[in-house]
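What follows is a single structure, written as structure tokens, with notes after it.
The values are calculated or read from the model by the stated rules, or taken from the named source; none is laboratory data. Values in this document were obtained by computation on a predicted structure and should not be read as measured data. Backbone-built Cβ (ideal geometry, glycine too); neighbour counts: all protein chains shown. SASA here: full protein model, heavy atoms, side chains in, ligands and nucleic acids out. Shrake-Rupley method; radii C 1.70, N 1.55, O 1.52, S 1.80 Å.
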Amino acid sequence: DGQTVKMNAAKNIEFQDNVKAEFGSGDDLEIYHDGTDSFISNETGHVYFKNAADDKDIEFQCDDGSGGTTAYIRIDGSATNTKVYKDMRFNDSVDAEFGTGGDFKIYHDGSNTYLDQINSGAGNIVIQNQNDDADIIFKSDDGSGSIAEYFRIDGGSVRSEFSKAV
């Protein structure tokens, strides 16, 4: 359409394998399929995924292992949060960081698991349970391959109870 200075397609456009749709003066963004895999490739700047529709989402879906697809991650525009629907696995020595400066980390180094507050000015680590009459229970191996409770902070009886010798 010469009057609107854009091209309109009224039907599907098919790109053969290894034929790229290229965007930008320097072909900086490419979208293509190589016959096996599909690619979105950016050679400069950031890549932004934006949904400007009110109360709508961006959802990442993948195979569900049973021949269908399922949501794995949803950026929820109406709830204003990010939902993770499947397990998220962090490899050994890869941190899950919290706080603007990454002040609190949870990680596993292949041998041990750490809850680590790295900034000395970041404050306390608080473990709390806000459910009425509920407990915080500490369990570990009992020396014979089973798990046993060692102590609990009992919200119902308002006391600390030790199940093993202190």
Boolean, D76 is open to solvent by less than 90 Å² (accessible area, probe 1.4 Å), of a type in the set (D, E) and either in contact (Cβ under 8 Å) with a residue 24 or more places away in the chain or within 21 Å of A122 (Cβ to Cβ) (or both) = no
inquiry  = If the requirement is being of a type in the set (V, I, T), in contact with a strand residue (DSSP E or B) (Cβ under 9 Å, 6 or more places away or on another chain) and under 23 Å from F23 (Cβ atoms), which of these qualifies: I40, I73?
reply    = I40
query = Give me the pairs: first residue in segment 79-93 and polar (S, T, N, Q), second residue modelled with pLDDT of 95 or more and part of a loop (DSSP other than H, G, I, E, B), beta-carbon distance under 6 Å, and six or more apart or on different chains, which are they?
reply = S93/D109
inquiry  = Exactly one condition in (1) part of a loop (DSSP other than H, G, I, E, B); (2) open to solvent by less than 90 Å² (accessible area, probe 1.4 Å); (3) in contact with a Ser or Thr (Cβ under 8 Å, 6 or more places away or on another chain); (4) of a type in the set (D, E) is false for D55; which is it?
reply    = (2)
key: Candidate set: segment 21-36, residues that are open to solvent by 80 Å² or more (accessible area, probe 1.4 Å) and either part of a loop (DSSP other than H, G, I, E, B) or in contact with a Phe, Trp or Tyr (Cβ under 6 Å, 6 or more places away or on another chain) (or both); chosen: the one farthest from K83 (Cα to Cα)   = S25
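For segment 37-52, which positions are β-branched (V, I, T) and either surrounded by 11 or more Cβ atoms within 10 Å (Cβ to Cβ) or in a strand (DSSP E or B) (or both)? First the steps, then the outcome.
Residues of segment 37-52 β-branched (V, I, T): 40, 44, 47.
Hit for segment 37-52 is I40, nothing else.
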ask   = Within segment 111-126, is there a residue that is within 30 Å of T70 (Cβ to Cβ) and without any contact (Cβ under 8 Å) to a residue 40 or more places away in the chain?
value = yes
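With segment 66-152 as the region, which strands (runs of 3 or more DSSP E) entirely inside it contain at least 3 residues that are closer than 30 Å to D55 by Cβ and not charged (D, E, K, R)? First the steps, then the outcome.
Working: elements: 69-76, 81-84, 96-98, 104-108, 113-117, 135-141.
Of the strands (runs of 3 or more DSSP E) lying wholly inside segment 66-152, those with at least 3 residues that are closer than 30 Å to D55 by Cβ and not charged (D, E, K, R) span 69-76, 81-84.
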